[in-house]
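**Q** Following this message is one structure expressed as structure tokens.
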Amino acid sequence: MIQRIQSVYFLLAGLFPALLFFLTLLSFECGGQTYSLSAFSFGVSGQPALHTPYGVIVFTVLSTVLPIFTVFKFSNRPLQIKLAKYTLILQALLAMTFAVYAWTFVGDYPQATDFTPGLGLLIWVLAVVFTILAKKSVKRDEDLVRAADRIR
């Protein structure tokens, strides 16, 4: 199970979204205060949250759980390919949900300046890259098995 490279890719693709719970996705200045959007909250740093982005929480949890679940389906490569596709869809939905929340929250503060993307965006990109690598590795494995079956 772990000796296959796609298992490592799937584990990394599942662990990176989990890091989004601890990192800032976007921050901006408004009226001398720094507002930040993370997977759990939107608000001024060090104060209670102004909003809770439930959509970001849901898609982050799903983007974390599905790749780790996929590792344990190592004996069913076609299913792993499907689950990798679903993971990519969930990661795209996570990005769209984050963009909608960011656009909505920033729209509430028209005087906002100095937008800074957080480390969470880089982590999201890495999760997508590792999901794509895992999908390609599973596909390559499946093609190799099919080629070996054809020779018999």
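**Q** Counting only residues that are at pLDDT 85 or above, open to solvent by less than 90 Å² (accessible area, probe 1.4 Å) and not charged (D, E, K, R), how many does region 119-152 have?
**A** 16
**Q** Next question, about the same structure. Which of (1) in contact with a strand residue (DSSP E or B) (Cβ under 9 Å, 6 or more places away or on another chain); (2) within 18 Å of LEU126 (Cα to Cα) does PHE42 not meet, given it meets every other one?
**A** (2)
**Q** Between residues in region 106-123 that are under 29 Å from ALA13 (Cβ atoms) and residues that are assigned to a helix (DSSP H, G or I) and open to solvent by 60 Å² or more (accessible area, probe 1.4 Å), which pairs lie under 6 Å by C-beta distance while being six or more apart or on different chains?
**A** Filtered contacts from region 106-123: ILE123/LEU19.
**Q** Still on this structure, I have one more. Can you spot a residue in region 100-118 that is assigned to a helix (DSSP H, G or I), of a type in the set (D, E, K, R) and surrounded by 12 or more Cβ atoms within 10 Å (Cβ to Cβ)?
**A** no
**Q** Now for a different question. Can you pull out every residue in region 5-39 that is farther than 18 Å from THR52 by Cβ, among the hydrophobic types (A, V, I, L, M, F, W, C) and open to solvent by 50 Å² or more (accessible area, probe 1.4 Å)?
**A** Selection gives ILE5, VAL8, LEU11, LEU12, LEU15, LEU19.
**Q** Also, quick follow-up: Is there a residue being more than 23 Å from PHE130 (Cβ to Cβ) and β-branched (Val, Ile, Thr) anywhere in region 65-76?
**A** no
**Q** Return the total of residues in region 1-50 being in a helix (DSSP H, G or I) and under 21 Å from ASP141 (Cα atoms).
**A** The total comes to 10.
**Q** Hey, among ILE132, ILE68, which residue is touching a Gly at 6+ places or on another chain (Cβ under 7 Å), touching a residue at least 40 places away in the same chain (Cβ under 8 Å) and hydrophobic (A, V, I, L, M, F, W, C)?
**A** ILE68
**Q** Next up: Of the residues that sit in region 41-54 and are surrounded by 16 or more Cβ atoms within 10 Å (Cβ to Cβ) and touching a helix residue (DSSP H, G or I) at 6+ places or on another chain (Cβ under 9 Å), which one is nearest to PHE72 (Cα to Cα)?
**A** PRO53
The values are calculated or read from the model by the stated rules, or taken from the named source; none is laboratory data. Only a predicted model underlies this, so the values are computations on that prediction, with no experimental measurement involved. Counting neighbours? That spans all protein chains shown, and the Cβs are built from the backbone with ideal geometry, glycine included. Side chains are part of the model used for accessible areas, which takes the heavy atoms of the whole protein and leaves out ligands, DNA and RNA. Shrake-Rupley method; radii C 1.70, N 1.55, O 1.52, S 1.80 Å.
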